[in-house]
Each structure stands twice: as structure tokens, then as C-alpha cells.
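Every read-out reported here was derived from the displayed coordinates using simple, explicitly stated rules and does not represent laboratory data. Quick caveat, the model's predicted, so the values are computed rather than measured.
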Amino acid sequence: MLLLTVMGLVVLVPPVVTLFNRDSTVFGVPQIVVYLFFIWLVLILGTVLLTHYLAPDPTAPREEGDG
């Protein structure tokens, strides 16, 4: 999880984001917008995959109805 957080921070710092601030477009959308939404989607999907495969916290209190 830490790796995902650090990678998200690295790809969203202004020097890296400005690399994609060009006049080109992708289907009429500026390249920087496509980059930011793509990174956002990758971070969300990475978080979903990690939380799906990580074991639940054994010290967390169990709520009624939890298996």
C-alpha cells in the first residue's frame, strides 16, 4: 500500500505533470487532462485490488453480521 501511495505522489508532482502539458489532444481532450484522469483511475484500481487481496485486520472489532 505504501508503494502505491508513493508512486501516486511521484506521478502527481508538478514537474512530472508539466511533462504532459502539451498542445496535443486525445479525442479533443487536452493531454494533461487525459494524463490526470488516467493516473486517478490507476490509483483507484490499484487500491481496489490491494484491498481485495489483503487479509482483514485481525485486531479490528467485528461488527454484528460479519461472518
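Points worth noting:
- Residue-wise HN-Hα couplings along the range 46-57, as the Karplus relation 6.51 cos²θ - 1.76 cosθ + 1.60 with θ = phi - 60° gives them from phi, are x, 5, 4, 5, 5, 5, 6, 8, 6, 6, x, 6 Hz; Gly and Pro carry x.
- Length gained when the stretch Val10-Thr59 is fully extended (0.36 nm per residue, less Cα-Cα span): 14.4 nm
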